[in-house]
Amino acid sequence: MALAIGLLILRVGVGLTVAAHGSQKLFGWFGGGGIEKTTAIMARQRFTPAWFWTWVAAVGEFGGGLLLALGLFSPLGGFGVLGAMLVAIVASHLHKGFWNRNGGVEFPLMIALPALALTLIGPGAVSLDNLLNIPLPEPASWIVLAIGTLLTVAAALRSRTLATPAAADSVGAI
């Protein structure tokens, strides 16, 4: 029972933290900018098209975080969170070093690692997957989601190298 409660605490803590962060992007809640302002930020970071990658990030964080917290359709939520954090680490934090006080990778890494671990461990006994008897086929679902996440992260980061700074600025004006 301790393992089930421990997994529940981990899932809910990580999942709701990331879902709240995603709600800043989607809805402007908790002091966030909403889709419009987040799209402008993504354009300044040269994601092309910025509106598309804004939605991918926002849904990955908000939807992935909620699925993770609920333990529903595991390991989908964990991979949504992991993908969003990997892009954030590379695009926004890596060049600032490790420590969070400098805007480094410390915080998003501490979200990404438990999300990845939960994709492997599963949601535990106290989860909607267990309650509703919704097991995704293993290991096939894990492999497909892992490959899909890596390809999405690569595509997001590649979109930045393809964009010129002038083109990226015009995308955020939509």
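Computed from backbone phi, the HN-Hα couplings of the range 149-159 come to 5, 4, 5, 5, 4, 4, 5, 4, 5, 5, 4 Hz, rounded to whole numbers (Karplus: 6.51 cos²θ - 1.76 cosθ + 1.60, θ = phi - 60°; Gly and Pro given as x). Evaluating 6.51 cos²θ - 1.76 cosθ + 1.60 at θ = phi - 60° for every residue in the range 13-24, the Karplus couplings come out as x, 5, x, 6, 4, 6, 4, 5, 5, x, 5, 4 Hz, glycine and proline recorded as x.
Separation of the range 108-130 and the range 1-56 by C-alpha centroid, Å? The range 108-130 and the range 1-56 have Cα centres spaced 17 Å from each other.
Among ARG101, ARG46, ARG11, the residue with the largest mean-square fluctuation in a Gaussian network model of the chain, with springs joining Cα atoms closer than 10 Å, is ARG101.
Sort HIS95, HIS21 by Cβ crowding within 10 Å, fewest neighbours at the top.
Ranked by crowding around the Cβ, least crowded first: HIS95, HIS21.
Labels on offer are (1) 33, 16, 15; (2) 29, 16, 15; (3) 37, 20, 12, and the one holding semi-axes √(5λ) of the Cα gyration tensor in Å computed from this structure is (2). Between amide H atoms placed 1.01 Å from N, distances below 5 Å from PHE73 occur with ASP129, all of them 5 or more places distant or on a separate chain. The fraction of Cα-Cα pairs per 10 angstrom bin, counted from 0 for the range 1-68, comes to 24, 41, 22, 10, 3 percent, rounded to whole percents. Phi-derived couplings, Karplus 6.51 cos²θ - 1.76 cosθ + 1.60 at θ = phi - 60°, listed residue by residue for the range 42-49: 5, 5, 5, 7, 6, 6, 10, x Hz, with x used for Gly and Pro.
None of the figures in this text is laboratory data; all of them are computed from the coordinates on show. Here the structure is a predicted model, which means the values were calculated and not measured. Cβ sites come from the backbone with ideal geometry, for glycine too, and all protein chains shown count toward neighbours.
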